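Chemist: Here you go, one structure.
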């Protein structure tokens, strides 16, 4: 099994477990600040490890030990900001849907069993998998972007090239971008949409 697929399965399982535990907590009390912190502590080490690993792999292949050693603070800072953004987005959705479920429960005369069944629909394995795939793509792309910035700052002429698997599974949005260059055909790094598995490669201009 490829490393990327293993990472997706691992993160999806972590999120499924978090969602199960979060559902039980939120049926008792809804503490948004606590939930944000809990989810940050779940996601940050996983995505940071992946981004650091990918950034170091690329830099070892492309450049010097000096630049490699300067990456860590920048990767940590960028990942931390992105994970907080991700946490807020996930929990915004969770609390919005939970509020709607509780409102329906209050005015609709439902039983607690019916409420639990409705709330369970917020915390599905499919949602965990979509987040895992999408955010791993973002972590890999973030590492590439940081490397590109460092290499350019060192005076190297680097091109960033969009990469897909170029097969029948690639969507109509991403397919035309395969092999194209940032600044000419696109600006924003992957993911382009939920469940996006695109990547970005670096090439030196000769």
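Chemist: Does residue 127 satisfy being over 26 Å from residue 9 (Cα atoms) and either in contact (Cβ under 8 Å) with a residue 24 or more places away in the chain or assigned to a loop (DSSP other than H, G, I, E, B) (or both)?
Modeler: Considered against the rule, which asks whether it is over 26 Å from residue 9 (Cα atoms) and either in contact (Cβ under 8 Å) with a residue 24 or more places away in the chain or assigned to a loop (DSSP other than H, G, I, E, B) (or both), residue 127 comes out as no.
Chemist: Then there is this: On the basis of being touching a helix residue (DSSP H, G or I) at 6+ places or on another chain (Cβ under 9 Å), closer than 30 Å to residue 26 by Cβ and modelled with pLDDT of 85 or more, does residue 95 make the cut?
Modeler: Answer is yes for this residue.
Chemist: Please indicate, with yes or no, whether at least one residue in region 151-173 is without any contact (Cβ under 8 Å) to a residue 24 or more places away in the chain, surrounded by 13 or more Cβ atoms within 10 Å (Cβ to Cβ) and either touching a helix residue (DSSP H, G or I) at 6+ places or on another chain (Cβ under 8 Å) or closer than 27 Å to residue 73 by Cα (or both).
Modeler: No; the residues of region 151-173 include none that is without any contact (Cβ under 8 Å) to a residue 24 or more places away in the chain, surrounded by 13 or more Cβ atoms within 10 Å (Cβ to Cβ) and either touching a helix residue (DSSP H, G or I) at 6+ places or on another chain (Cβ under 8 Å) or closer than 27 Å to residue 73 by Cα (or both).
Chemist: Separate question: Any chance region 102-123 includes a residue that's within 16 Å of the chain's Cα centre (by Cα), in a helix (DSSP H, G or I) and either without any contact (Cβ under 8 Å) to a residue 12 or more places away in the chain or exposed (fewer than 13 other Cβ atoms within 10 Å of the Cβ) (or both)?
Modeler: Scanning region 102-123, I find no residue that is within 16 Å of the chain's Cα centre (by Cα), in a helix (DSSP H, G or I) and either without any contact (Cβ under 8 Å) to a residue 12 or more places away in the chain or exposed (fewer than 13 other Cβ atoms within 10 Å of the Cβ) (or both), so the answer is no.
Chemist: Could you tell me how many of the residues in region 174-193 are assigned to a loop (DSSP other than H, G, I, E, B), in contact with a helix residue (DSSP H, G or I) (Cβ under 9 Å, 6 or more places away or on another chain) and under 24 Å from residue 79 (Cα atoms)?
Modeler: 5
Chemist: Here is a follow-up. More than 29 Å from residue 4 (Cβ to Cβ), at pLDDT below 90 and either in contact with a strand residue (DSSP E or B) (Cβ under 7 Å, 6 or more places away or on another chain) or in a helix (DSSP H, G or I) (or both), is that true of residue 54?
Modeler: In short, no.
Chemist: From the list 8, 24, 35, exactly one residue is assigned to a helix (DSSP H, G or I) and over 27 Å from residue 118 (Cβ atoms). Which is it?
Modeler: 8
Chemist: Here is a further query. Identify all residues within region 29-47 that are surrounded by fewer than 18 Cβ atoms within 10 Å (Cβ to Cβ) and either touching a residue at least 40 places away in the same chain (Cβ under 8 Å) or in contact with a strand residue (DSSP E or B) (Cβ under 8 Å, 6 or more places away or on another chain) (or both); write none if there are none.
Modeler: Answer for region 29-47, where residues must be surrounded by fewer than 18 Cβ atoms within 10 Å (Cβ to Cβ) and either touching a residue at least 40 places away in the same chain (Cβ under 8 Å) or in contact with a strand residue (DSSP E or B) (Cβ under 8 Å, 6 or more places away or on another chain) (or both): 30, 32, 36, 40.
Chemist: While we're on this one: Go through region 6-51 residue by residue and tally those that are under 15 Å from the mean Cα position of the chain (by Cα) and either at pLDDT below 90 or closer than 21 Å to residue 74 by Cα (or both).
Modeler: The number of residues fulfilling the criteria is 12.
Chemist: So residue 187 clears everything in (1) surrounded by fewer than 12 Cβ atoms within 10 Å (Cβ to Cβ); (2) within 22 Å of residue 9 (Cα to Cα); (3) modelled with pLDDT of 90 or more except one condition, right? Which one?
Modeler: Condition (2) is where residue 187 drops out.
The values are calculated or read from the model by the stated rules, or taken from the named source; none is laboratory data. Just so we're clear, the structure is a prediction, and the values are computed from it rather than from any experiment. Ideal geometry is used to build each Cβ from the backbone, glycine not excepted, and the neighbour counts take in all protein chains shown.
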